[in-house]
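The values are calculated or read from the model by the stated rules, or taken from the named source; none is laboratory data. As the structure is a prediction and not an experimental result, all values here were calculated from the model. Using ideal geometry, Cβ is built from the backbone for each residue, glycine included, and neighbour counts are taken over all protein chains shown. Just the protein is used for accessible areas: all its heavy atoms, side chains included, with ligands, DNA and RNA removed. Shrake-Rupley method; radii C 1.70, N 1.55, O 1.52, S 1.80 Å.
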Amino acid sequence: MEDEIWLTACRTAVLTGVSTVTVYSWVRRGHLEVEGLDHRGQKLFRHLAVAQAEKATGAKAGRALVPAA
């Protein structure tokens, strides 16, 4: 869909407050799926899928998302 928001692993890490290693851990463990590649070959994730992965793993890890200012 054209109106979806796509995120790279780096941007995902920044938005969720985790490292890129953690983002790729989510992929390995099946919490997050790589949905495509950008023009530079970087993996892309859907914004909604990132939110779901963070919610599924955040409580267990003791993280809480802080609303943007």
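A few comments on the model shown:
- For the set LEU44, LEU15, LEU32, LEU37, the ranking by accessible area, highest first and with no ligand, DNA or RNA atoms included, is LEU37, LEU15, LEU44, LEU32 under a 1.4 Å probe.
- Projecting label points 7 angstrom from Cα along Cα→Cβ for VAL34 and GLU4 puts them 1.6 nm apart.
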